[in-house]
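Here is the structure we will look at, set down as structure tokens.
The values are calculated or read from the model by the stated rules, or taken from the named source; none is laboratory data. Here the structure is a predicted model, which means the values were calculated and not measured. Reconstructed Cβ throughout: ideal geometry from the backbone, glycine too, with neighbour counts over all protein chains shown.
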Amino acid sequence: MPTLATVMTFLMFFTVSVHAQIKEFEQNVVITMGQRESQDEVRVFALAECKRLVLEKVGVHLTGSTDIVRQVRESEHDFQDETNIEKRVRVVTAGVTKTEIVGEWWVVKGTAIACSLTCRVTVNTSDVQRRIKELLHDRQKLGAEQELLEEVSLLRNELAELRQKLEAKPSDQVESVKNEIERTVAGLAAADWYNKGVEASDPDSQFNCYNQAIKFQPNYADAYNNRGVAYNNKGLYDAAIADYTQALRIDPNYAAAYYNRGIAYLMKGAKRNARQSLEHARDLGHPTAQEILDKYCR
């Protein structure tokens, strides 16, 4: 009987063009499929694990940069502790780098089947420093990046535990564990699509990514909010307002959704509705809601 969750990892580090300061990191993982698992379930776990490992390596590399550590130190006084600095560097690394799949194979290992997955992160150090500086000054976006990273970490750990349970449970209890795995896999898939939407630069790609995130996780407030921003940027204010409102049904304390809905109402000329949303955003601590109220809602 094949052992579950056999994980083999290989790190490859390349330096490409010293003058351009471009570095590439590739990470490979090989995850053995359990007898009660599907290929889709194993692939989702392999992808999450591969991304975690390669981003950790990139974070360690960037932590060795004096300029980047200095930026993090100066961004907020309570990040003087080395552990917190390393954690924050990992957060901003996830926020300013893009992970791509460069290889995927299904291989035979003895009597078992395994998923071999390779991910790559390309780092232009000068560009990353600029983007890190921007992200460190955008507290709202930085907080969202940290929440997403923590959510994915929790889901990944939960899936690892469920994979072990699946093989250990008697046959009459397998269905309940499979249901939990399905839910966790959907959460990871939704987070992955959401992150792709954040990375996308054109509205059509953003719509597709956020649609997929919502498909996997219908109560994904952040995906509704960000899809609303994409609608707003295309001048589709009614659609944007509908998405912000749905995000608020899911999370009534979502300050950014109130703020964004207020801006959409302003663009429509609905000043009264804009004021109500912006006041909610202000009361929930949104940093610029009061400024917009003072300028446009008097």
Here are some residues: R275, R227, R249. Which one is exposed (fewer than 15 other Cβ atoms within 10 Å of the Cβ), outside the structural domain of Q140 (by TED's automatic domain parsing) and free of Cβ contacts under 8 Å to residues at least 60 places away in the same chain? R249
With the condition kept exactly as written, say whether any residue in the range 157-168 is surrounded by fewer than 20 Cβ atoms within 10 Å (Cβ to Cβ) and at pLDDT below 90. yes
Within the range 116-126, is there a residue that is in a helix (DSSP H, G or I), in the same structural domain as N28 (by TED's automatic domain parsing) and loosely packed, with under 14 Cβ neighbours inside 10 Å? yes
Residues in the range 27-39: is at least one surrounded by 15 or more Cβ atoms within 10 Å (Cβ to Cβ) and at pLDDT below 90? no
Matching residues, the range 162-188, being touching a residue at least 24 places away in the same chain (Cβ under 8 Å), closer than 15 Å to S38 by Cα and either touching a Cys at 6+ places or on another chain (Cβ under 7 Å) or not charged (D, E, K, R) (or both): Q164, L166, V174, I181, T184, V185, A186
Selection within the range 209-224 - more than 18 Å from R261 (Cα to Cα) and either crowded, with 16+ Cβ neighbours inside 10 Å or among the acidic types (D, E) (or both): C209, Q212, A213, I214, F216, Q217
